[in-house]
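Here the structure is laid out as structure tokens; the discussion comes afterwards.
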Amino acid sequence: MSAPLSGYRLIELAGIGPCPYAGMVLADMGAEVILVCRPGGINFPDIAHRGKRMITLDLQKSEGVAVLLDLVKTADGLFEGLRPGVTERLGVAPEDCHSVNPKLVYGRMTGWGQNGPWAAKAGHDINYIGLSGALYAMGKEGEVPPVPLNLIGDYGGGSLFLVAGMLAGLLQAEKTGRGEIVDAAMIDGASSLMTLFYTLSGLGRWTPRREKNLLDGAMPYYRCYKTSDDQFMAVGCIEPQFFAQMLSLLKIDPQEFGRQNETARHAEQQTKLEAIFASKTRDDWAEIFDGSDACVTPVLSYAEAAEHPQMAARGGLNSSGPFTHPRSAPVFGALEPHIPPDVPMPNQDMHALFSELGYSKEKIKSLTDEKITPRT
């Protein structure tokens, strides 16, 4: 069975941050993703480029722009993660691309968005989630917010919203014959990810104060506990029946422990759970809770994750060369072994792509000699 995006050609203008990951997800779904690099821009292999075709063009030169627009004529979509105004200055803005391919879906990934007083301002994940309210909600009360991995702003609020926008744009283009411009701003995506908390706040069940809410570590039944070997167990038994299973496996008397949501006893309950979890190793506890619905699980490092039976059963992490590859997600149809695609080398697809565009050998040589793309 072919992958869902088989037959679609997408162009990615190389950049940093979440744009390469969005391209990886689209390539994993079967799209042909052509990564257009600037000269000297990529000099190391990157898992996020797996399965892509790679070419280098100097878009500062008119010849490089002409080649890109020829590629655009053959493509279903293009996406970029440059600052607002950059592609306009290069001559490959949405209007330039739509002039040669009106059906093209043009994706634009930025932190602050294409408009507004901060549109041209520099920033990174921590800045975007700081502005969205997500960062303020994390960490311990009275302490500096922790620096999270850049999963929330860059990848959750950025890459995956760009992917969703590109997919929606492709569907629209199939129906209407007109391409769409997708403005994927990380502040918008991160704010969208906060929807649950706006809902709970509106219902009077969430406060801006940290460690005072259901999911921010305030509850003794929804937090992590240290084990005797300085590892950790994650406890997430929100529902009463799961909470009861946890107490049973920990050999705790429910009457003595107190009710699950007896707020006045939460500090006491947390102290008791801290002492119990500190009495055994993480792996001891993992074995005790394995197979239960107590929602108590080991906290693994990324290096350990590949060895977990659930991850292994789904082929969740696979080695290829020096890299450990996460399997493509989501999975379509029957679960099959995931074979990581090759990570391309810079410029390896130059001649093949030029030939597919119908360029003569003389023109290919001319473009190479003019350094529109480096020699191989």
Only one of (1) open to solvent by 30 Å² or more (accessible area, probe 1.4 Å); (2) on the phi > 0 side of the Ramachandran plot; (3) modelled with pLDDT of 95 or more is not met by residue 175, so which one is it?
-> (2)
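Would you point out the residue of the stretch 208-230, among those that are over 27 Å from the mean Cα position of the chain (by Cα) and surrounded by fewer than 14 Cβ atoms within 10 Å (Cβ to Cβ), that is nearest to residue 145 (Cα to Cα)? Step through it out loud before you land on a result.
Initially, the stretch 208-230 is screened for residues over 27 Å from the mean Cα position of the chain (by Cα), giving 209, 212, 218-221, 225-230.
Next, only the ones that are surrounded by fewer than 14 Cβ atoms within 10 Å (Cβ to Cβ) stay: 209, 212, 228-230.
Values: 209: 12, 212: 15, 228: 27, 229: 27, 230: 23 Å.
Restricting to residues being over 27 Å from the mean Cα position of the chain (by Cα) and surrounded by fewer than 14 Cβ atoms within 10 Å (Cβ to Cβ), the top hit is 209.
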Filter the stretch 14-32 down to residues that are crowded, with 24+ Cβ neighbours inside 10 Å and in a strand (DSSP E or B), then give me how many there are.
-> 0
Can you confirm whether the stretch 360-371 contains a residue that is in contact (Cβ under 8 Å) with a residue 40 or more places away in the chain, part of a loop (DSSP other than H, G, I, E, B), surrounded by 15 or more Cβ atoms within 10 Å (Cβ to Cβ) and not basic (Lys, Arg)?
-> no
Are there any pairs with C-beta distances below 8 angstrom linking a residue in the stretch 131-156 that is assigned to a loop (DSSP other than H, G, I, E, B) to a residue that is open to solvent by 80 Å² or more (accessible area, probe 1.4 Å) and not hydrophobic (A, V, I, L, M, F, W, C), with the two at least 6 apart or on different chains, and if so which?
-> 141/209; 141/212; 145/136; 150/124
Flag for residue 155 being in contact with a helix residue (DSSP H, G or I) (Cβ under 8 Å, 6 or more places away or on another chain), within 17 Å of residue 81 (Cα to Cα) and open to solvent by 30 Å² or more (accessible area, probe 1.4 Å) = yes
Of the residues that make up the stretch 41-61, is at least one modelled with pLDDT of 95 or more, of a type in the set (Val, Ile, Thr) and surrounded by fewer than 23 Cβ atoms within 10 Å (Cβ to Cβ)?
-> no
Taking the stretch 295-319 as the search range and keeping residues that are buried (at least 16 other Cβ atoms within 10 Å of the Cβ) and in contact (Cβ under 8 Å) with a residue 60 or more places away in the chain, which one is farthest from residue 250 (Cα to Cα)?
-> 298
Does residue 270 satisfy the criteria of being polar (S, T, N, Q), out of contact with any Ser or Thr (no Cβ under 6 Å at 6 or more places or on another chain), part of a helix (DSSP H, G or I) and farther than 30 Å from residue 77 by Cα?
-> yes
Among 328, 279, 292, which is among the polar types (S, T, N, Q), part of a loop (DSSP other than H, G, I, E, B), modelled with pLDDT of 95 or more and open to solvent by less than 40 Å² (accessible area, probe 1.4 Å)?
-> 292
Among the listed residues 191, 201, which satisfies the condition of being under 19 Å from the mean Cα position of the chain (by Cα), at pLDDT 95 or above and either more than 19 Å from residue 116 (Cβ to Cβ) or open to solvent by less than 50 Å² (accessible area, probe 1.4 Å) (or both)?
-> 191
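The values are calculated or read from the model by the stated rules, or taken from the named source; none is laboratory data. Since this is a predicted model, take the numbers as computed values, not measurements. Methodologically, a virtual Cβ is constructed for each residue, glycine included, from the backbone with ideal geometry; neighbour enumeration extends over all protein chains shown. Heavy atoms of the whole protein, side chains included, go into the accessibility calculation; ligands, DNA and RNA do not. Shrake-Rupley method; radii C 1.70, N 1.55, O 1.52, S 1.80 Å.
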